[in-house]
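The values are calculated or read from the model by the stated rules, or taken from the named source; none is laboratory data. As the structure is a computational prediction, the values presented were derived from the model and not from experiment. Heads up, the Cβs are rebuilt from the backbone with ideal geometry, glycines too, and the neighbour counts pull from every protein chain shown.
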Amino acid sequence: MLFILIIFLCCPRQVLIKVTSIKPSIMQKGIVLYNNVFYTGLICSLSCVLSCIFVTSAFGGTTGANYNMNRLLNEPHPFENVNTEPRPDFSTKTGIIAPINNRAIIKSSEILRERKIVPNQSFSNNKRNNIVSEIRVGALWHDQGPFSHRKEEGYDGNLEILFNSPDEFKRIWSPKPHLGVSLNDSQDTNQVYAGLTWEWLFKEIYFTNFSLGGAYHDGSKVTDLTDQKSLGCKFLFRESLDIGYRFEGRHSIMAHLDHISNAKLCSTNEGLESVGIRYGYHF
């Protein structure tokens, strides 16, 4: 039956008439039957095609024009598993300036305010705690100067210590107290001295000093020897003058002249002077 149905569906009517050799009356009934079967098969075929389309669409996850969004909404975020650890700080190696911690700055300022620390107070405290301002050493030519009689000989080794000026000396232009000693290498007059030193700076590197004070010596007050000075008194007035150059902040080099005499307060007053060069280190 299936074979006969295929022949009826696929072959033309004229071919079927010639092949089957069936009578015309019977053939007309067969044609009517053929037409019924043809259209019935056509309708069934179309129904099968539409059914296949419907089933395919259903299994494809869609119903009409509406998509199923539940599966998409349940998917995790693409950046959910990304590593979120803080980045390392390479500011000390790459030269990038790290952000300023404002809280730390505010806290530090509060601590300084509680302790009542002034920005320049540490420097002023160090200056007050350090009593010594400068140490000077030098080599002087003994009994040489504009007012000396050049009786004594040799050279003097000189050491002098200058102290920071106390606040009480501000009224007299803040001189620095000093102590010093000059020792002669030819067994002539030695002296120890003390006084005040005023200093003036020029262009931050040049300076001049003037000192005024007193000295005690171990020479002769009155003598007839031609190679010794008659200084008249054991305690004498002493004045000195320095002109120098300061370099690298703490170091200085200077030309020096000093003079001791009694200002004609004693029986004799030959006076004694020394001239030379000195080096100073400023604290």
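The table below lists the values:
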| item | result |
| --- | --- |
| Among residues of segment 247-276, those that are surrounded by fewer than 19 Cβ atoms within 10 Å (Cβ to Cβ) and either over 19 Å from ALA194 (Cα atoms) or of a type in the set (D, E, K, R) (or both), counted | 13 |
| Hits in segment 235-249 (condition: modelled with pLDDT of 95 or more and not hydrophobic (A, V, I, L, M, F, W, C)) | ARG238, GLU239, SER240, ASP242, GLY244, TYR245, ARG246 |
| Counted residues, segment 222-235 - those being touching a residue at least 40 places away in the same chain (Cβ under 8 Å) and over 20 Å from ASP185 (Cα atoms) | 1 |
| Failed criterion for SER174 (all others in (1) touching a strand residue (DSSP E or B) at 6+ places or on another chain (Cβ under 6 Å); (2) on the phi > 0 side of the Ramachandran plot; (3) hydroxyl-bearing (Ser, Thr, Tyr) hold) | (1) |
| Qualifying strands (runs of 3 or more DSSP E) (wholly inside segment 119-187; at least 1 residues being in contact with a Cys (Cβ under 7 Å, 6 or more places away or on another chain) and modelled with pLDDT of 95 or more) | none |
| Number of the condition not met by ASN184 [criteria: (1) closer than 20 Å to HIS142 by Cβ; (2) touching a Ser or Thr at 6+ places or on another chain (Cβ under 8 Å)] | (2) |
| Matching entry among GLU199, GLU153 (being touching a residue at least 40 places away in the same chain (Cβ under 8 Å), touching a Ser or Thr at 6+ places or on another chain (Cβ under 9 Å), over 18 Å from ASN262 (Cα atoms) and surrounded by 14 or more Cβ atoms within 10 Å (Cβ to Cβ)) | GLU153 |
| Tally, over segment 162-185, of residues that are crowded, with 18+ Cβ neighbours inside 10 Å and among the β-branched types (Val, Ile, Thr) | 0 |
| Pick from segment 250-283, criterion farther than 28 Å from SER220 by Cβ and without any contact (Cβ under 8 Å) to a residue 40 or more places away in the chain, ranking: nearest to the chain's Cα centre (by Cα) | ARG250 |
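Every residue, every condition in (1) over 21 Å from GLY138 (Cβ atoms); (2) acidic (Asp, Glu), yes or no:
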site	(1), (2)
VAL192	no, no
TYR206	no, no
ASP227	yes, yes
ARG238	no, no
GLU248	no, yes
ALA263	yes, no
LEU272	no, no
